[in-house]
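Student: My structure is below; once you've seen it, I'll send some questions.
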Amino acid sequence: MKILFWRSLVVIFIILGFIGAILPGMPTTVFLILAAWAASKGWPQMDAWLLNHPKYGTTLRSWRENGTVPRKAKWLASIMMLISAVVMLLTNAPIWVKIFTDLIMLSVAIWLWLRPEPSALPIKEIE
């Protein structure tokens, strides 16, 4: 039952990551990091596939091994959060909702920029 739980989470996070790849403003890598985390708990084959993925594998391995975030990802996430914050301010939402969501995004952006960036050294493949 526990394996089914972890595998279900993996599938959900991968689907959300796929949606994020097509839908502007929704993150991809965050959901793939969560998918890799869940896969490490109960689906080793999927974990290895994610960590060796041609497009996202290096970022996922860097995050898992060193907690690093590439500068390009920091800029992209920050720009998307800024756009989301501006859009939120233009909505009819109550002022407290606008302030709360913008403060959350600001906190995430600060945390993100405090993360180290990966070095130029290659990251090994996971078997």
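Student: Pairs needed: first member in segment 70-86, within 12 Å of L112 (Cβ to Cβ); second member anywhere, among the charged types (D, E, K, R) and at pLDDT 90 or above; C-beta distance under 8 Å; at least 6 residues apart or different chains.
Tutor: Sorted first by the residue in segment 70-86, then by its partner, the pairs are P70/E117; R71/E117; K74/R115; K74/E117.
Student: Within segment 107-116, can one find any residue that is modelled with pLDDT under 90 and either exposed (fewer than 14 other Cβ atoms within 10 Å of the Cβ) or out of contact with any Ser or Thr (no Cβ under 6 Å at 6 or more places or on another chain) (or both)? It would help to see each step written out before you state the result.
Tutor: Let us first name the residues in segment 107-116 that are modelled with pLDDT under 90, namely none.
Scanning segment 107-116, I find no residue that is modelled with pLDDT under 90 and either exposed (fewer than 14 other Cβ atoms within 10 Å of the Cβ) or out of contact with any Ser or Thr (no Cβ under 6 Å at 6 or more places or on another chain) (or both), so the answer is no.
Student: Surrounded by 13 or more Cβ atoms within 10 Å (Cβ to Cβ) and assigned by TED's automatic domain parsing to the domain that holds V10, is that true of M80?
Tutor: On the way: surrounded by 13 or more Cβ atoms within 10 Å (Cβ to Cβ): yes; assigned by TED's automatic domain parsing to the domain that holds V10: no.
Criteria not met by M80.
Student: Considering only residues that are modelled with pLDDT of 90 or more and within 14 Å of the chain's Cα centre (by Cα), which ones fall in segment 24-45?
Tutor: F31, L32, I33, L34, A35, A36, W37, A38, listed by residue number.
Student: Go through segment 55-103 residue by residue and tally those that are touching a helix residue (DSSP H, G or I) at 6+ places or on another chain (Cβ under 7 Å), in a helix (DSSP H, G or I) and polar (S, T, N, Q).
Tutor: Final tally of qualifying residues: 4.
Student: Scan segment 68-93 for residues that are under 14 Å from the mean Cα position of the chain (by Cα), among the polar types (S, T, N, Q) and farther than 27 Å from L9 by Cβ and jot them down.
Tutor: S78
Student: Let me ask something else about it. Residue by residue through segment 1-20, note down the ones that are surrounded by 15 or more Cβ atoms within 10 Å (Cβ to Cβ) and under 25 Å from G67 (Cβ atoms).
Tutor: Scanning segment 1-20 gives W6, L9, V10, F13, I14, L16, G17, G20.
Student: If you go through segment 51-67 one residue at a time, do you hit one that is within 20 Å of L16 (Cα to Cα), under 17 Å from the mean Cα position of the chain (by Cα), in the same structural domain as F18 (by TED's automatic domain parsing) and of a type in the set (A, V, I, L, M)?
Tutor: yes
Yes/no per residue for (1) touching a Ser or Thr at 6+ places or on another chain (Cβ under 9 Å); (2) surrounded by 17 or more Cβ atoms within 10 Å (Cβ to Cβ):
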residue: L23; (1), (2): no, no
residue: F31; (1), (2): no, yes
residue: S40; (1), (2): no, yes
residue: P44; (1), (2): no, no
residue: D47; (1), (2): yes, yes
residue: N52; (1), (2): no, no
residue: S62; (1), (2): yes, yes
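The values are calculated or read from the model by the stated rules, or taken from the named source; none is laboratory data. Nothing here was measured: the structure is a model prediction, and the numbers come from that model. Counting neighbours? That spans all protein chains shown, and the Cβs are built from the backbone with ideal geometry, glycine included.
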